[in-house]
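Below is one structure, written out as C-alpha cells; comments come after it.
Nothing in this text is a laboratory measurement; each read-out follows from the coordinates by a stated rule. Model, not experiment: these values are computed from the prediction. Ideal geometry is used to build each Cβ from the backbone, glycine not excepted, and the neighbour counts take in all protein chains shown.
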Amino acid sequence: MAHALAPLQRLKAMLGLGGGADGLPVRLSSRRFDGRQQAPVSELGFDQPLLWVVVALISWGLVMVYSASIALPDNPRFANYAQTHFVLRHGLAIAMGFVAALVAFQFPMRTWERMAPWLFTLALLLLILVLVPFIGKGVNGARRWFSLGIINFQPSELAKLAVLLYAADYMVRKMEVKERFFRAVMPMAIAVGVVGMLLLAEPDMGAFMVIVVIAMGILFLGGVNARMFFLIALVVIAAFALMVMMSEWRRERIFAYLDPWSEEHALGKGYQLSHSLIAFGRGEIFGVGLGGSVEKLHWLPEAHTDFLLAVLGEEFGLVGVLTITVLFFWLTRRIMHIGRQAIALDQVFSGLVAQGVGLWIGFQAFINIGVNLGALPTKGLTLPLMSYGGSAILMNLVALAVVLRVDYENRQLMRGGRA
C-alpha cells in the first residue's frame, strides 16, 4: 500500500500540496498552488476541455469538407458522385472513429502496454500486404490503401499508433541501458528503418517523416543520451536530404516550392501551392464567407484533403486560420501536460504514449499548415481531425481516446485509487 501511495506523495510534493508551510509555490495552467492551499482533485473522469476542443475541430472539419467538395461532381472524374458523397463518407468515418475511440478508452494502459509488440507486428504485416498487387489499392501511382467497401483503410495510419506504442514500451523495457547507444537505440532504429522502407515503397514519405519524429521524440523524452540523440537527428536529416536528391520528382517539388510562380512551375509542381496562396490572399482578414470560395471550384486540387486549410483561409480569412492554429497549439500543449503528469505519477509508459500522441498531432498539424501557407515544401499530409480521410480520422480519434484514458488513470491515482 505504501508503494502504491508513493507516486501520489511525490506528485503532491512537486506541486507543494503537502499541507505544510514549506511547500514551494508553483503555477499550473492559470491556477497557483503553494503549501498553504489545498488543490481539490476534479471529480470529472477525464479532461473535458480537451474533448470539446477535439469535437470542435472535427465539427468544423466536417463543415469544411462539405464546402470544399460540394463542386467536385462537376468534374468529369467525379461525375457519378453526388454533391454529398464526400461529406457523408467523412461523417461515417467520424462515427466509426467515435465508436472505436469509446472501445479504446475501455482498455487500461497496462493492456495497451501488453498489446504494443503485437500491434507493431500487425502494422508491419499490413504494410507488406498493401504492396501486393490485387490486395492493395493504387491511386495516382501510390499503393497505400485497402479497399474495405465503405472505407479505404491506410495501414500507415495504424503504423503511426503502433510505432508510438512500441517505442514507449521499448523505452520502459530499456530504461536501465538508455545511456548505451547500441543497446538502447539501435534495435529501435532498425524497427523504424524497416517500417520506413515499406512506407517508401508505397511511396509515403510524409507518413515516414511523422513516424520518425514520433519515435525520436519518445526516445528523447524517455531519457536517451542527448549527444546520441542529436547524432541520430543529424543522420536522419542527412538521410531525408539524400532521398530528396536521389528522387527527381522530389527535387522538382523542392524547386517548385522555392518559386511556385515561375513559368516552369506554375502549371506543374507549383500549381497547388500557387492556388493555395491565391486562396489565402482572397480570404484577407475575415474571409469571403462560408461557401464563397472560388479556388475550390476545380482550381485547387485535393481541396478537401491536403489543402483544406486553404479553403478555410479563403472562406474564414486570417481570423479562421489563427483560430485553427491556436486550437492545435492548445491541444498539443494539453496532451503533453497529461503525459508529464503521468510520468510524475510513475506511469512512464502512459506518459510517453500521451506525449507521443502530442508530437504526432502537433507535428502533422504544423507540417500541413506550413505546406498550405507556402512555408514548407508540398507534402501529402492531411490536417489532423479535419481533412477528408477515413483511416486518418479513425486513428486520430483512437489515439486521443488513449490520451483520455491516461488522464482518467492519472485522476484515479491522484484520488488515491488504482489505475
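Key figures
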read-out	value
Estimated translational D of the chain in µm²/s (Stokes, Kirkwood radius over Cα pairs; 25 °C; 0.890 mPa s)	107
Dipole of the chain, positive end: most advanced residue of PHE208, PRO377, MET115 [Cβ charges, Cα centre]	MET115
0 to 90° range, to nearest 10: angle between helix 186-201 axis and the chain longest Cα axis	20
Acute angle (nearest 10 degrees) that the helix 226-246 long axis makes with the longest principal axis of the chain, alpha-carbon atoms	10
Estimated 222 nm signal from helices in the chain, with DSSP H stretches of n ≥ 4 weighted -39500 (n - 2.57), rounded to 500	-22000 deg cm²/dmol
Taking region 94-200 and dividing mean pair separation by its residue count, relative contact order in percent (alpha carbons under 8 Å, at least six apart)	23
Furthest towards positive pole of dipole, VAL319, MET171, TRP261, structure part the chain, Cβ charges	MET171
Magnitude of the charge dipole, the chain, Cβ model with Lys/Arg +1 and Asp/Glu -1, debye to 20	1300
0 to 90° range, to nearest 10: angle between helix 2-15 axis and the chain longest Cα axis	70
The chain, relative contact order in percent, only Cα pairs under 8 angstrom and at least six apart counted	23
Within the chain, longest stretch clear of exposed GluC sites (Glu not before Pro) (DSSP loop, no more than 10 other Cβ within 10 Å)	44-262
3J(HN,Hα) from dihedral phi, region 344-349, Karplus parametrisation 6.51/-1.76/1.60, rounded to Hz, x for glycine, proline	4, 8, 6, 9, 5, 4
Ordering of 396-407, 269-280, 48-59 by packing [mean C-beta count within 10 Å, highest first]	396-407, 269-280, 48-59
Which of ALA68, THR84, ASN410, positive extreme of dipole for the chain (C-beta unit charges)	ASN410
Test item: Cα-centred dipole of region 270-339, Lys/Arg +1 and Asp/Glu -1 on Cβ, debye	280
Separation between Cα centres of region 288-334 and region 38-111, rounded to whole Å	16
Environment charge at ASN368 (Cβ cut-off 14 Å; Lys +1, Arg +1, Asp -1, Glu -1)	-1
Span from the region 375-408 Cα centroid across to the region 187-225 one, whole angstrom	17
